[in-house]
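Notes follow once the structure below has been shown.
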Amino acid sequence: MSKEPKLSLIPLGGLGEIGKNMMAVRFGEKILVIDCGLMFPEEGMLGIDIVIPDITYLLENRDSVLGIVLTHGHEDHIGALPYVLRQLNVPVYGTKLTLGLLHGKLKEQNMISETILHTVKPRDVVQVGPFKIEFIKVSHSIPDAVAIAVHTPIGVVFHTGDFKIDQTPVDGQVTDFQRLAQLGEKGVLVLLSDSTNAERPGYTMSERFVGNTFDETFRLAAEDRIIIATFATNVHRLQQAIQAAYKHNRKVAVVGRSMVNVVSVATELGYLDIPDGIMIELEEANRLPKNRVAILTTGSQGEPMSALTRMALSDHRQVEILPGDTVIISATPIPGNEKLVARIIDQLFKLGAKVIYESMSGIHVSGHPSQEELKLMINLTRPKFFVPIHGEYRMMIRHAELARDVGVSPEHIFVGENGQILEFTRRSGRVAGRVAAGKVLVDGLGVGDVGNIVLKDRRMLSQDGILIVVVTINRETGLIMAGPDIVSRGFVYVRESEELLEEARMRVKASLEKCTCKGISEWSSMKSQVRDVLGKYLFEKTRRRPMILPIIMEV
C-alpha cells in the first residue's frame with residue numbers, strides 16, 4: 001500500500017505574538033509561503049528599528065520554495081519582503097493594492113527589476129506546483145484583503161488572513177460568504193484563523209461607524225482646525241476622513257512620509273475617491289482659516305519620529321499645535337505602545353488641544369473579528385483541523401476554546417508555536433518536530449548583525465554606563481609608562497566624583513603592578529584582573545555595575 005502523502009504547516013512568525021506573520025505550507029518537496037510581515041521592536045530592544053522572521057528554514061530549502069502569496073497590504077504581512085526577497089527571490093502573488101504598496105517599498109530598495117509580481121483578484125485561482133491557490137474576498141481595515149484557500153492533493157488549507165465580518169464595508173465589497181460556505185460544504189482540511197480579538201465577546205463594529213463619528217466630530221468642532229492621526233494603511237479610514245472634510249467644506253493636507261505614499265498609491269489605483277480640489281499642500285493649509293482645514297497625519301502609535309509626536313513636542317517644521325485644535329487619534333495602541341501614546345495625548349492636552357481618543361468614543365473600530373465572527377468563520381468552513389494564528393498565546397488559547405464550543409473535536413485543535421511542524425494527512429494531525437524560527441533584528445542597514453549579546457551590552461550601557469581604563473606599558477620591562485587614565489560616560493558625574501575615580505586609578509595601578517611582579521604579560525589576563533578589581537571596588541562604593549573596558553597599549 002502506498003504511503004499517504006503528508007501536508008506540513010510551518011509557522012515562521014505570527015504565533016504567540018502580534019506581527020511578523022509568515023506561514024509555510026509544505027506538500028511533498030514543495031513549499032508555498034503565505035505572508036511575510038514585520039513587527040515593531042519590544043521595549044527591551046534598544047535601538048532596533050524593526051523585527052523580521054528568521055527564514056533559515058526557507059533558505060535551507062530554497063529550491064523547494066515556489067512563491068509567496070499575500071493576504072493584504074499591512075506592514076505586519078508585507079513589511080519583511082524587501083529583506084526576504086533579497087535572499088530568496090521567488091514570485092509574489094497579491095491583489096492590486098497590496099502589490100501597489102509593496103511596489104513602493106521595493107522601488108526604495110532598487111529591487112523592482114529583479115522581483116516577479118503577479119496581480120490577482122478575488123475568486124482567481126492560480127496553480128503553483130502542487131498547490132491550487134484560490135483568493136477569496138474578506139473585509140479588513142484595508143481594501144483588497146483576501147483569505148487564501150490552498151487546494152492540495154489531500155485537502156484544502158484555508159488561511160483567513162486578517163478579516164472581520166463587516167456587513168456594511170466602506171467600499172461595498174462584502175466578504176464572499178457564498179464561497180466560504182461552498183468550501184465548507186466540500187470540506188476544509190485545516191482552518192488557520194486570525195486570533196487578534198479572540199478575547200473580545202460579541203461582534204466588531206462596522207468601519208462605517210467611524211465615518212458617523214467623524215461626521216459628528218467635524219460638526220461639533222466647526223470653528224477648530226482638525227488633525228486626524230491614524231494608521232497610514234487604513235485606506236477606508238482615510239476615505240471617511242476625506243468625505244467628512246468635503247461634507248464640512250474643509251481642505252485636506254497630508255503629513256508623514258508613509259501617509260503621503262499610501263494616499264498617492266491608493267489614489268492612483270482607484271482605492272481612494274478624492275473630490276477635485278480638496279487636497280492641498282501644508283504651506284497652503286497654514287494660510288487658510290483654521291476652520292477650513294483638516295490634517296491627516298501618521299503617529300497614532302506615538303512613534304518617536306512620527307509627525308504627530310513631533311507636533312506634540314513642538315518640534316515639527318510646518319505644523320504647530322494651537323490652543324483649540326481638535327486632535328483625533330483614530331487607532332488603538334498596539335500592545336506595548338500604550339505608554340508612548342498616553343504621553344503624546346498628555347502633551348497635546350498641555351498645548352491646549354482637545355484630544356479625542358479611543359477609550360472615550362467611537363473614533364476607532366478594530367479590523368479584526370470578535371468571538372461571534374470567529375465562530376461564524378468556523379461554522380461556515382467546517383474544518384476537520386483547526387489552528388489559531390495571528391495573536392499572542394492567550395488569544396490563541398481563547399480562540400481554541402471557541403473552536404471547541406462550536407464543535408471542533410479537541411484532539412483536532414493545535415495551538416502551535418513559531419517553528420513547530422504541524423503535519424496532517426486526510427485523517428490525522430500531529431506535531432512532527434521543529435525548524436529554526438525566531439526574530440531577526442534590523443538596525444539601520446544591518447540585518448541580523450545585532451543579537452542578544454549586543455542587546456545585553458546596550459542594556460548594560462543604558463543602565464550603569466561605561467568606564468574606560470587606558471594604560472600604556474613598556475613592552476620589554478612590563479612597567480607602566482603612562483596612566484592608568486579613567487574615562488567615564490553615563491556612570492558618575494566626573495567633577496563630583498574625583499576621589500572615587502582617583503582611588504579607582506590607584507587600585508588599577510596596584511593590580512597591574514601585581515601582574516608585573518608575578519610575570520603575567522598576557523593581555524587578556526591583565527584586562528580581566530583590572531575588570532575584577534575595579535568592578536568589585538565600584539560596586540562596593542556605588543552599588544552600580546558599569547561596563548568596564550580596559551585598553552592596554554604597548555610601547
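Values in this text are rule-based calculations from the coordinates and carry no lab data. Keep in mind it's a predicted model, so treat the numbers as computed, not measured. Don't worry about glycine lacking a Cβ; one is built from the backbone with ideal geometry, like all the others, and counts go over all protein chains shown.
Here is how the numbers come out for the structure above:
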item	result
Reach of K247 by Cα under 14 Å, taken over aspartates and glutamates that are not fewer than 8 positions away in the same chain	D215, E216, D273, D276
Estimated vicinal HN-Hα couplings, Hz - the stretch 217-231 in sequence order (Karplus 6.51, -1.76, 1.60; Gly, Pro = x)	5, 4, 5, 6, 9, 4, 9, 9, 7, 10, 10, 10, 10, 8, 5
Other-chain or far-sequence residues with amide H under 5 Å of S300's (modelled H)	T230
Karplus 3J(HN,Hα) series, Hz, for the stretch 462-471 with 6.51 cos²θ - 1.76 cosθ + 1.60 (x for Gly, Pro)	6, 8, 10, x, 9, 10, 10, 10, 10, 9
The chain, helix-only ellipticity at 222 nm - DSSP H runs n ≥ 4, -39,500 (n - 2.57), divided by all residues, nearest 500	-10000 deg cm²/dmol
Amide N of the stretch 135-165 lying under 19 Å from the label point, which is placed 7 angstrom from the Cα of E185 along Cα→Cβ	135-137, 149-151, 156-158
For D346, net neighbour charge (Lys/Arg +1, Asp/Glu -1) across residues whose Cβ lies under 13 Å away	+2
From phi via Karplus (6.51, -1.76, 1.60), per-residue ³J(HN,Hα) for the stretch 422-429 in Hz, x at Gly/Pro	9, 10, 10, 10, 4, 10, 9, x
Antiparallel content of DSSP bridges confined to the chain, in %, to 5	50 percent
Helix 371-381 axis, angle to the chain major axis (alpha carbon atoms, nearest 10°)	60 degrees
Residues Y393 and Y203, FRET efficiency given R0 of 22 Å [Cβ-Cβ distance, rounded to 0.05]	0.35
Long pairs among K290/K350; K164/K439; K121/K251; K509/K536; K105/K439; K6/K105, criterion Cα-Cα beyond 25 Å	K164/K439; K121/K251; K6/K105
Kirkwood Rh in Å, taken over the stretch 36-182 so that all alpha-carbon pairs contribute	16.4 Å
Interchain or long-range residues, amide H under 5 Å from A353's placed H	G324
Proxy reagent accessibility, fewest Cβ within 10 Å first, across H151, H399, H103	H103, H151, H399
Cα-based helix-to-principal-axis angle, 338-350 vs the chain, degrees rounded to 10	90 degrees
Amide H within-cut-off set for G465, under 5 Å, with H built and near neighbours excluded	M547
Inter-label distance, nm, simple model (7 Å from Cα along the C-beta direction), R287/S361	3.0 nm
Acute angle (nearest 10 degrees) that the helix 393-405 long axis makes with the longest principal axis of the chain, alpha-carbon atoms	30 degrees
